[in-house]
Amino acid sequence: MFIGSAITEKNEAIIIPLRKGADMLKDGEIAPDFALHDAQMQLIRLSDLLGQHHVVLYFFNRDHSPGGVTEAVEFSDRAETFRAHGTLVLGVSLDDCLAHEAFRDEHGIEFHLLSDAEGEVSRLYHVLREWVGAGMVKYGIERSTFVIDRQGVIRHALYHVLPKGHAAEILSLVKQLG
């Protein structure tokens, strides 16, 4: 699955995604099931939520990064409206549960932040990327969002999204689910 990575002559990192277009999840596919712990160490399993709720599953790189804050706050500001449309929001990053707890408390986040410290779920959803910086291979998440209906079908798979305004865009897609 690795495509590769390189360093320029100026020792700059070149980001190489871990997925090819064919590896991306697509609209209409069944969402891979998973179980991850949230900030309170509660195990959240996708299959337990389906049937009752639509799910917005969004992947972000780090809790305290500028984009991570922007996206989480925007989703949190709309959490009640998402719930009114039968939808739960789940945010996933490689951060651990304790980091998520501090981030949630600091910013008043009103939805589950899930820890994928080993990157297993990020790999399932093809959002993990690698890059080389300072001579070391590093891994991170490509900001991506999946709108999953009650039957577990991915209705919208969005890769490489921008954080600002993204929650509003996703809310408009959720409203179309009925």
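The values are calculated or read from the model by the stated rules, or taken from the named source; none is laboratory data. Note that this is a predicted model, so its numbers are computed, not measured. So basically every Cβ, Gly included, is an ideal-geometry build from the backbone, and we count neighbours across all protein chains shown. Please note that ligands, DNA and RNA were not included when accessible areas were found on the heavy atoms of the full protein model with its side chains. Shrake-Rupley method; radii C 1.70, N 1.55, O 1.52, S 1.80 Å.
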Can you say whether Val56 is closer than 19 Å to Val161 by Cβ and open to solvent by 10 Å² or more (accessible area, probe 1.4 Å), as far as the supplied structure shows? no
With the requirement that a residue be in contact with a Phe, Trp or Tyr (Cβ under 7 Å, 6 or more places away or on another chain) and either assigned to a strand (DSSP E or B) or over 14 Å from Ala72 (Cβ atoms) (or both), what does the stretch 142-155 give you? Glu142, Ser144, Thr145, Phe146, Ile154
Among the listed residues Ser172, Ser144, identify the single one that is open to solvent by 10 Å² or more (accessible area, probe 1.4 Å) and either closer than 23 Å to His54 by Cα or out of contact with any strand residue (DSSP E or B) (no Cβ under 7 Å at 6 or more places or on another chain) (or both). Ser172
Within the bounds of the stretch 76-96, is there any residue that is farther than 21 Å from Ala157 by Cα, in contact (Cβ under 8 Å) with a residue 12 or more places away in the chain and under 16 Å from the mean Cα position of the chain (by Cα)? yes
Over the stretch 38-47, the set of residues touching a Leu at 6+ places or on another chain (Cβ under 9 Å) and open to solvent by less than 70 Å² (accessible area, probe 1.4 Å) is Asp38, Ala39, Ile44, Leu46
Consider Tyr139 against the criteria (1) surrounded by fewer than 18 Cβ atoms within 10 Å (Cβ to Cβ); (2) free of Cβ contacts under 8 Å to residues at least 40 places away in the same chain; (3) not in a loop (DSSP other than H, G, I, E, B): it satisfies all of them except one. Which criterion is unmet? (2)
Residue count, the stretch 19-40, condition at pLDDT below 95 and either under 15 Å from the mean Cα position of the chain (by Cα) or not basic (Lys, Arg) (or both), comes to 6
